[in-house]
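For reference, the structure discussed in these notes is given below.
The values are calculated or read from the model by the stated rules, or taken from the named source; none is laboratory data. This structure is a prediction, so every number in the text was calculated from the model and none was measured. Ideal geometry is used to build each Cβ from the backbone, glycine not excepted, and the neighbour counts take in all protein chains shown. Please note that ligands, DNA and RNA were not included when accessible areas were found on the heavy atoms of the full protein model with its side chains. Shrake-Rupley method; radii C 1.70, N 1.55, O 1.52, S 1.80 Å.
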Amino acid sequence: MFFTGDPSTRKRVDLGGRSSKERDRQKLLEQTRLERNRRLWVRQQNSAALKIQKCFRGRRVLEAERCKVREKFFLTYGQYCQDVNRECFGPDSDFLYQLLFFFNPRYVADFSALVETCRLLLEFVHDSGDLISLFGGMGYSSKRGLVEYRIKSLAYACVRAIYENRNQLKDQLFFAPEKSNTSANVLLEAIILLIDLRHPWACSTVCFLSKRNMYSMFREIILLGKKNIQGSTGSISSLERVLALIISHVDQASCTCSDSDPRWGFSSQILTTPFLWRLFPHLKEIFSAPRLSQHYAHQMALCVRDHTNVLPPDISSDFPSYACLLGNLLETAGAAFVQPGSFAWAIDFTTVATSLLQALPPLQTSNQRGKDSTMGEDDMLVGDDLIEIVLNKDLDQQIFSALDPHFLLQLTNMLFGGISPTSGSHKGRLDDKEVAAVGAACSFLHVTFNVLPLEQIMTVLAYRTELVPILWNFIKRCHENEMWSSLSEQSAYLPIGTPGWLLPLSVFCPVYKHMLMIVDNEEFYDQEKPLSLTEIRLLIVILRQVLWQILWLNPIATPDFSKSANGSSAMKRHPLEFLQHRVCMVASELMSQLQDWNNRREFTSPSDFNADGANEIFMSQAMTENSRASDILKQAPFLVPFTSRAKIFNSQLATKKETNGAHVIFTRHRFKIRRDHILEDAFSQLNALAEEDLRGMIRITFVNEFGVEEAGIDGGGIFKDFMENITRAAFDIQYGLFKETSDHLLYPNPGSGLVHEQHLQFFHFLGTLLAKAMFEGILVDIPFATFFLSKLKQKYNYLNDLPSLDPELYRHLIFLKHYGGQVSELELYFVIINNEYGEAKEEELRPGGKNIQVTNENVITFIHLVANHRLNIQIRPQSSHFLKGFQQLIPRDWIDMFNEHELQLLISGSVDGFELEDLRAHTNYSGGYHEDHYVIQMFWEVIRSLSLANQRKFLKYASSSLFCFQVYLMLWDPAKLRVPYTAELTDG
């Protein structure tokens, strides 16, 4: 009873709170479960073994029985069916029963017996012309089920025989029956006979074959046989006749076929064969029949709408099934356009073609021909890997050739043929047919715009279809009646709930933008074509709301599509995000273009382009790089009022100056400039400065004509005087670097190289000089032509910019555009004559242009090229060097916030008067003076009494600038903004 010190008898305690009995119970349950599962698995093994043994024994017995029947068959009818007569095909004979029971296409004897049977069948029918009596005898109606079963089985045996022996028959597959009596032709001709559409069992036989993957077997047969031939043989082969008969039966009124699995149908198995119509031109004619093409297009469209992938595995990486299917469909589309009642077909066709085009890698042919393309291949990013996807060259060419402008013209007219540009009431539900047409057309064109070069198709869509007025009428009605949801509900391309305006705007904006490139001023302002000015004002409202919603109110996270080498790959991976990105881009471009038209002749208030939500919160974000507001300034700057953008621009300048402020003492430069050689001295001294030095402080000392330095300390005023004088000298047309338009606006002289040997270096220097003036807040009196200012934004100029440069050429081009006769009678060619300083030089507008005559079909292209040559190409070297110099100090992102009209205000200010009270409110005083001092009061009274010309002279004295910029005076803050002037009145 006392403790002995021995711990071995101490009771063990489970710290988990469970007894040992509980642990033993859990272990027992686990062991029992495992044992039960083991016994179940053993039972399943035994059951499976029994089934396998049963199946094997059954097959062995069946094979033994087949061998017996085979021996009996050959003993009865002969090794080569030499003892077969007409009665053997009758319902009471065992001939077909025995043959079809033991037939194995891999056995040579069986194959030969089937071929001889088919040969005899063809002979008997040829002699009597009656297949029904041959198989059914006199009592066909009573034995119809037996007869039809034998015919189905015989036709299927023929198909299997060809399929299983395709390697041996590959050289016989594409022969015409009259030219060959080979085994393959005999079997194929027998199939043709058995499924003849005149027979009552034709439909059920085709359905029987279809359910047993007949098309899949024919696909393998065709792919193997086509390797041995090059295109069509010129005659209709038996194989082609079989396929034509099979697909034709659905066009019969008696067709009762139930819907089969689309994965094994004609569309997915046969139409995905590369260059199918080259092998079977007759089959192409059959397939192009209205009801047939509509039937198969509708089947494929249903699969697209259900997002069902029914295509077979790709033949190879350069022959993807979807591309082969698209190429074959496009080649047959032309014939369907001329058929009556093709609207339903057009809807289904565009649904299918849109899906296939979206999956398509970029076409190499379009990349080579597209002038904006920089790559010849599709580099698709998958994760961090770069995968190159390239179609076969011939397949690529097949698709590209089919998607020509004429095809797009026919398709668009087919979809919109029954819709008037002014149709539909402005109240009530939209017509379902119109919604379907708009959805199908816009889906297809949106995808097409990212596959084909735009210059190839835009002119056709803009000038030879009613696309723009029809889409505008649809957009306007949906906007006014708030019915955008109807499009997303019916479109196969848009997910339900997606904004319905995405698709119409993705097509309308680029096509209308292209139309505006060639519309002349009279058409736009006076004739109000293609849209009235009232409609354009509504369009501006719609685009403004759309952009603000996409960029600010409801932004979605989108990938950086700029990293994608081609829009096709981005559209494939992120279709909805890419569509929204695309709408944002094209809507912004169209708004910019409409803003340019408004600057030429105001038809709406400039504030109509500004969004209502650009408040202080927005402005505070806009000052931060990579914020949502800063992205808006890059993508759609017109949404922000000009005064707000001016503040941001000045803030960017001030920040850049502060960055260089720490080095100002060490980077300060002083230069001696002769007044009578101001341009040459400035060019030789300032042109050698580095970019960092150009941003720093520069001080000028003038030297007079006697070589004596002028007195004075440059505290900024002398440098401003220097900038005014040098810009006046450099941009003087007498110097030869610049010319002026009839409106006295400056642009680079295309012949400057004939005047100055170093003309391009001078343009680089002048670009830097202008940028330095803007960087220092100095306004210079240089009125630039708008088409030259667009070069600072790296934009192209178009026909409507030509009147300011060459009014006479513009009038001639407009005459040519509206010429009522045959343009070819004018004997014009794609060449232009340049005449600089009496030196005439002929240049081709396109390769081989001197041999290309201008006709009614290409006159619009000719007008484009002439305007492009005069406005862009002629001044390209000068503009390029000017831009390089300008961007040394002013980054492109800063300039892109402004249009050309606003950019001219940044450079030269406004020719209007200024608000004296704003100038007074933003003036600082020193030397004991203040705003209420009587001297100051009298000073402002005197200034107020001056004329506008004298007020401008005062401003020149105060800021060394002839013109004032009202916005900057309103924002005048000497510590931060562009006009760093403090009025300082002293007793002296």
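Against the condition touching a strand residue (DSSP E or B) at 6+ places or on another chain (Cβ under 6 Å), of a type outside the set (Phe, Trp, Tyr) and within 27 Å of ASN450 (Cβ to Cβ), how does PRO320 come out, does it pass? Spell out the reasoning first.
On the way: touching a strand residue (DSSP E or B) at 6+ places or on another chain (Cβ under 6 Å): no; of a type outside the set (Phe, Trp, Tyr): yes; within 27 Å of ASN450 (Cβ to Cβ): yes.
No: the conditions fail for PRO320.
Based on what the data block shows, is ASP743 in a loop (DSSP other than H, G, I, E, B), touching a residue at least 60 places away in the same chain (Cβ under 8 Å) and surrounded by fewer than 22 Cβ atoms within 10 Å (Cβ to Cβ)?
Working: in a loop (DSSP other than H, G, I, E, B): yes; touching a residue at least 60 places away in the same chain (Cβ under 8 Å): yes; surrounded by fewer than 22 Cβ atoms within 10 Å (Cβ to Cβ): yes.
Yes.
Quick one: in the stretch 114-173, which of the residues that are among the basic types (Lys, Arg) and within 59 Å of the chain's Cα centre (by Cα) is most open to solvent (accessible area, probe 1.4 Å)?
If we filter the stretch 114-173 for residues that are among the basic types (Lys, Arg), which is where we start, we get 119, 143-144, 150, 152, 160, 166, 170.
Keeping just the survivors that are within 59 Å of the chain's Cα centre (by Cα) gives 119, 144, 150, 152, 160, 166, 170.
Numbers: ARG119: 58, ARG144: 108, ARG150: 23, LYS152: 42, ARG160: 67, ARG166: 56, LYS170: 72 Å².
Among them, the one singled out is ARG144.
Restricted to the stretch 606-615, and to residues that are outside any helix (DSSP H, G or I) and surrounded by 11 or more Cβ atoms within 10 Å (Cβ to Cβ), which residue is modelled with the highest pLDDT?
Per the criteria, the residue is ASN610.
Within the stretch 870-885, can one find any residue that is within 20 Å of THR741 (Cα to Cα) and among the β-branched types (Val, Ile, Thr)?
yes
Sort out which residues of the stretch 166-186 are in a loop (DSSP other than H, G, I, E, B) and in contact with a Ser or Thr (Cβ under 8 Å, 6 or more places away or on another chain), and write them in order of number.
To start, the set of residues in the stretch 166-186 that are in a loop (DSSP other than H, G, I, E, B) comprises 170-176, 180-182.
Once the filter is applied, which keeps residues that are in a loop (DSSP other than H, G, I, E, B) and in contact with a Ser or Thr (Cβ under 8 Å, 6 or more places away or on another chain), the stretch 166-186 yields GLN172, LEU173, PHE174, PHE175, ALA176.
Take ALA359 and tell me if it is small (Gly, Ala, Ser) and either within 17 Å of PRO575 (Cβ to Cβ) or open to solvent by 40 Å² or more (accessible area, probe 1.4 Å) (or both).
Values: small (Gly, Ala, Ser): yes; either within 17 Å of PRO575 (Cβ to Cβ) or open to solvent by 40 Å² or more (accessible area, probe 1.4 Å) (or both): yes.
Yes: the conditions hold for ALA359.
For PRO421, indicate whether it is under 17 Å from the mean Cα position of the chain (by Cα), within 26 Å of ILE518 (Cα to Cα) and open to solvent by less than 50 Å² (accessible area, probe 1.4 Å). Please lay out each step first, then the result.
Details: under 17 Å from the mean Cα position of the chain (by Cα): no; within 26 Å of ILE518 (Cα to Cα): yes; open to solvent by less than 50 Å² (accessible area, probe 1.4 Å): yes.
No; evaluated as a whole, the condition is false for this residue.
Residue by residue through the stretch 174-213, note down the ones that are hydroxyl-bearing (Ser, Thr, Tyr) and crowded, with 22+ Cβ neighbours inside 10 Å. Reasoning before the result, please.
To start, the set of residues in the stretch 174-213 that are hydroxyl-bearing (Ser, Thr, Tyr) comprises 180, 182-183, 204-205, 210.
Answer for the stretch 174-213, where residues must be hydroxyl-bearing (Ser, Thr, Tyr) and crowded, with 22+ Cβ neighbours inside 10 Å: just THR205.
Report, by residue number, each residue of the stretch 868-915 that is among the β-branched types (Val, Ile, Thr), surrounded by fewer than 18 Cβ atoms within 10 Å (Cβ to Cβ) and either in a helix (DSSP H, G or I) or free of Cβ contacts under 8 Å to residues at least 24 places away in the same chain (or both).
Within the stretch 868-915, ILE873 is the sole residue that qualifies.
Yes/no matrix, rows are residues, columns are (1) buried (at least 20 other Cβ atoms within 10 Å of the Cβ); (2) in contact with a Leu (Cβ under 6 Å, 6 or more places away or on another chain); (3) modelled with pLDDT of 90 or more:
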| residue | (1), (2), (3) |
| --- | --- |
| GLU776 | no, no, no |
| PHE787 | yes, yes, yes |
| ASN797 | yes, yes, no |
| LYS817 | no, no, no |
| VAL854 | yes, yes, yes |
| PHE862 | yes, no, yes |
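What's the number of the condition ARG811 fails, among (1) surrounded by fewer than 22 Cβ atoms within 10 Å (Cβ to Cβ); (2) under 21 Å from PHE683 (Cα atoms); (3) not polar (S, T, N, Q)?
Condition not satisfied by ARG811: (2).
Only one of SER752, SER742 is of a type in the set (Gly, Ala, Ser), outside the structural domain of GLU523 (by the TED database) and under 19 Å from GLN878 (Cα atoms). Can you tell me which? Reasoning before the result, please.
Working: SER742 fails: under 19 Å from GLN878 (Cα atoms).
Step by step, each of SER752, SER742 is checked, and only SER752 is of a type in the set (Gly, Ala, Ser), outside the structural domain of GLU523 (by the TED database) and under 19 Å from GLN878 (Cα atoms).
Among GLU680, GLU705, GLU709, which is the only one that is at pLDDT 80 or above, of a type in the set (Asp, Glu) and open to solvent by 40 Å² or more (accessible area, probe 1.4 Å)? Steps first, please.
Details: GLU705 fails: at pLDDT 80 or above; GLU709 fails: at pLDDT 80 or above.
Among GLU680, GLU705, GLU709, only GLU680 is at pLDDT 80 or above, of a type in the set (Asp, Glu) and open to solvent by 40 Å² or more (accessible area, probe 1.4 Å).
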